[in-house]
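*Asks:* First the structure, which I've put down as structure tokens, then a few questions once you've had a look.
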Amino acid sequence: MASILRLLKIWSSGGPYYVRLSPDRLRVHDTSGGGSFDEPPLLQVSSDATPKILAIGSAAKGQHGCVNPFAHPRVIVSDFAMAEKTLAHAFKVVSGRAFLRVSPIVIMHWTGKLDGGLADMERRVLRELADSVGARRSHVWEGRELTSEDIRQGFYGAT
């Protein structure tokens, strides 16, 4: 029985998700060989009293009510709730129609322009964003783009 539970835990946890974020692009890749998501980080939101998401990614581009929660001149996330919805959608696309909800390790990598790197507050925002959409554990990576081999060897945990 214990081995079945351990197997279920491993299966439902998924491989590390490598998330590359910028104001122009949101890329999420399941490094264990699963799916991927590569779209502009855009949401089209209705103007109702209770806003509803009408479109995400390229489908939202140029539409009325379109927002980009990662496009702000001073901060990396301008609207946490919208950023959360965008990332949650990307995770659903990547995990497919799994029976159990995936709870992966998530590597957050800001690839947008920054002078002097990420501030502590920005690292915290990225970690909390990953945690809020179901990450089992989250890491913030700064530096060059990671390769699949880097991720397999756990290189992302070195910072």
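Coordinate-derived values only; no laboratory data. The structure presented is a predicted model; accordingly, all values stated were derived computationally and were not measured. For neighbour counting, all protein chains shown are included, and Cβ atoms are generated from backbone atoms with ideal geometry for every residue, glycine included.
*Asks:* Nearest 10 degrees, 0 to 90: what angle lies between the long axis of helix 120-132 and the longest principal axis of the chain (Cα atoms)?
*Replies:* The angle comes out near 70 degrees.
*Asks:* Could you please report the charge total around R124, scoring K, R as +1 and D, E as -1 over all other residues with beta-carbon less than 14 angstrom from its beta-carbon?
*Replies:* Numbers: positive: R123, R127; negative: D120, E122, E128, D131, E142.
Residues near R124 contribute -3 overall.
*Asks:* Still on this structure, I have one more. Kindly give the semi-axes, whole Å and largest first, of the ellipsoid equivalent to the stretch 21-84, taking each as the square root of 5 times a Cα gyration tensor eigenvalue.
*Replies:* 22, 15, 11
*Asks:* Relative to the longest principal Cα axis of the chain, at what angle does helix 2-13 sit, 0 to 90 degrees, rounded to 10?
*Replies:* Orientation of helix 2-13: about 30 degrees from the principal axis.
*Asks:* Can you tell me which of A83, A55, A130 moves the most in a GNM of the chain? Springs connect C-alpha atoms under 10 Å apart.
*Replies:* A55
*Asks:* Taking springs between alpha-carbon atoms closer than 10 angstrom, which of H89, H109, H72 fluctuates most in the Gaussian network model of the chain?
*Replies:* Most flexible of the set in this elastic network: H72.
*Asks:* Sticking with this structure for a sec: Starting from the Cα gyration tensor of the chain, take the square roots of the eigenvalues, sort them a ≥ b ≥ c, and report rounded, prolate or oblate (rounded when a/c is under 1.5, otherwise prolate if a/b is larger than b/c, else oblate). Let's see the in-between values first.
*Replies:* On the way: a/c = 2.03, a/b = 1.29, b/c = 1.58.
Oblate, because a/c is 1.5 or more while a/b does not exceed b/c.
*Asks:* A further question follows. Using a Gaussian network model of the chain whose springs link C-alpha atoms within less than 10 Å, name the residue from R74, R136, R25 with the highest mean-square fluctuation.
*Replies:* R74
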